[in-house]
Amino acid sequence: MEEKIYYKSTRGGQNGISASEAILKGIAEDGGLFVPSRIPKIDLKLKDLASMNYRELAYYILSKFLVDFTEEELKYCVNNAYDNKFDTEEIAPVVKVGDSYFLELFHGPTLAFKDMALSILPYLLTTSAKKQGLEKEIVILTATSGDTGKAALEGFTNIPGIKIIVFYPQEGVSEIQKMQMITHKGKNTHVVGIKGNFDDAQSGVKKIFRDEEFLKTLEENNYVFSSANSINIGRLVPQVVYYFYVYLKLYSKGEITDGEGLNVVVPTGNFGNILAAYYAKEMGLPINKLICASNDNKVLYDFISTGVYDKGREFFTTISPSMDILISSNLERLLYVLSGEDSKIVKDLMDNLDSKGSYKINDVMRNNLKDFFGGYAFEEETKKAISDLYNKDKYIMDTHTAVAYSVNERYVKASGDNTKAVVVSTASPYKFTYAVMNSIDNKYADYNDFQLVNEMSSLLNKEEPAAIKDINKREVVHKTVCNKEDMKKAVQEYLNF
């Protein structure tokens, strides 16, 4: 009989943790991330899985990881998450454009792939709290590079027993992303702009999570922290589902044969999305190459190419802001796998990143990276990809999807690898109207983001999504801005202690 799956810290400080406890905690006490004791394998043939709809597949995959949830509990979470809040019955449509396949993950309420996991996380979290007998109020503390924030706000709004605080880089998101967050209404929600970039926001949140004195004060006031970032295993595991879904869709449509290899191309910032694809591969999905696409902030490309991770570099603010990240948190989970689950190695690497700003992996770990390919597209290449595909096939990609598309085009030319590939489309082009429309035609240079929603609508010959209709006319609810050093103070002020 197979050993039951439990969770442990990548840095070795905690072990034997149940799924519900790991979801509640968000981050391990030693600062590490929770990982499953083993990656479960699928026990059904792919052709048997192909008849499942998204909800059925989600239940099947999640039941492999979250073994302390009952069937009733897990089905409650899945059915409430993947309902009519998505604008398509399929949840995650697969679209063929020319010879390319796009997995569209932006059909949820906030027009970004974060909805795929953040629609279910609130249910996983509240169910976990009941299972663990937690009586304290949960405070979701999250940093966003643009999309997680709104998706988390949407998911957690007015859920009893939960408050949510979102930090975002005030000058590092698109105008539409910012308006989605600061106009959000919900009596348990708080949004704070910080004077800094996403890495500052993410580091600040992690620091608060590790502040023992602050955690004690929090507990005295009957609160407990958890996270909606992909550092939370409850955010990461639901992302595994859509890689199975895209493969099974292509198989059902006759685009690939049973067992045929597939490359996945993922625009990558915090590394969670591509890590979910890696977990899917380890579960038995026939994924060949995991193509990790970066923008001008190509820290992951350099890491995959050289084995050196160095955050001490110039930071670029780009038209693909959700990838403007120099500290990719989820990479720590991959390092744990690459090192043969050696938590001492992982802890040393993370300590080096904190103290020196860089680390280097050994040759064995580098060799274990062979499933991954790193590529990057500079801003001009990203714009050209948007323009070329629109002119050729009248399909409009957002700026992040365009990075992935561009990287894949270059990869195929350089490698001669003709394996079919799926480009993971992580956001709707409506979220980045200025950059997208000006890539298609510079005649839009004098328009603002909100006017361009209508122009894009005309090009696509369809009505703009309800999620952003008249967004510029909505009341600004959240006006707090703080220095990156004052994030803890902002939390205290909101929680009133």
Item to check | Flag for Asn352 being farther than 19 Å from Ser305 by Cα, at pLDDT 95 or above and in contact with a Ser or Thr (Cβ under 9 Å, 6 or more places away or on another chain) | outcome: yes
Next on the checklist: For Gly254, only one of the following conditions fails: (1) under 23 Å from the mean Cα position of the chain (by Cα); (2) modelled with pLDDT of 95 or more. What is its number?
Outcome noted: (1)
Checklist outcome for this item: From the option list Gln202, Gln180, single residue qualifying as surrounded by 24 or more Cβ atoms within 10 Å (Cβ to Cβ), farther than 30 Å from Gly357 by Cβ, in contact (Cβ under 8 Å) with a residue 24 or more places away in the chain and not aromatic (Phe, Trp, Tyr) is Gln180
Checklist entry - Quick one: would you say Lys479 is part of a helix (DSSP H, G or I) and within 26 Å of the chain's Cα centre (by Cα)? => result no
Item to check | Single unsatisfied condition, Ile165 versus (1) over 26 Å from Ala92 (Cβ atoms); (2) touching a helix residue (DSSP H, G or I) at 6+ places or on another chain (Cβ under 9 Å); (3) surrounded by fewer than 22 Cβ atoms within 10 Å (Cβ to Cβ) | outcome: (3)
Checklist outcome for this item: Residue hits (region 300-324; within 23 Å of Asp147 (Cα to Cα), crowded, with 23+ Cβ neighbours inside 10 Å and not hydroxyl-bearing (Ser, Thr, Tyr)) are Leu300, Ile319, Pro321, Met323, Asp324
Checklist entry - Could you list, in sequence order, the residues of region 93-141 that are touching a residue at least 24 places away in the same chain (Cβ under 8 Å), surrounded by fewer than 20 Cβ atoms within 10 Å (Cβ to Cβ) and at positive phi? => result Gly98
Item to check | Boolean, Met397 is in contact with a Leu (Cβ under 7 Å, 6 or more places away or on another chain) and in a helix (DSSP H, G or I) | outcome: no
Checklist entry - Taking region 365-394 only, how many residues are touching a residue at least 24 places away in the same chain (Cβ under 8 Å), under 19 Å from Leu290 (Cα atoms) and not in a loop (DSSP other than H, G, I, E, B)? => result 7
Item to check | Evaluation of Val423 against (1) hydrophobic (A, V, I, L, M, F, W, C); (2) surrounded by 13 or more Cβ atoms within 10 Å (Cβ to Cβ); (3) part of a helix (DSSP H, G or I) (one fails), failing number | outcome: (3)
Next on the checklist: Please verify whether Tyr405 is closer than 20 Å to Gly269 by Cβ and touching a Ser or Thr at 6+ places or on another chain (Cβ under 9 Å), treating the condition exactly as stated.
Outcome noted: yes
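Out of region 323-351, which residues are among the polar types (S, T, N, Q) and within 26 Å of Gly172 (Cβ to Cβ)?
Selection gives Ser328, Ser329, Asn330.
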Checklist entry - Do any strands (runs of 3 or more DSSP E) lying entirely in region 1-100 carry at least 2 residues that are modelled with pLDDT of 95 or more, over 21 Å from Gly272 (Cα atoms) and of a type outside the set (Asp, Glu), and which ones are they? => result 94-97
Item to check | Ala467 assigned to a helix (DSSP H, G or I), small (Gly, Ala, Ser) and within 24 Å of the chain's Cα centre (by Cα) | outcome: yes
Checklist entry - With respect to Ala152, is the statement that it is in contact (Cβ under 8 Å) with a residue 40 or more places away in the chain, crowded, with 21+ Cβ neighbours inside 10 Å and within 30 Å of Cys482 (Cα to Cα) true? => result yes
Next on the checklist: I'd like the full set of residues that are buried (at least 16 other Cβ atoms within 10 Å of the Cβ), out of contact with any strand residue (DSSP E or B) (no Cβ under 9 Å at 6 or more places or on another chain) and not polar (S, T, N, Q), limited to region 3-49.
Outcome noted: Arg11, Gly12, Ile39, Pro40, Ile42, Leu46, Leu49
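The values are calculated or read from the model by the stated rules, or taken from the named source; none is laboratory data. Since the structure is predicted, the reported quantities are computational estimates derived from the model, not experimental observations. We place every Cβ from the backbone using ideal geometry, glycine too, and count neighbours over all the protein chains shown.
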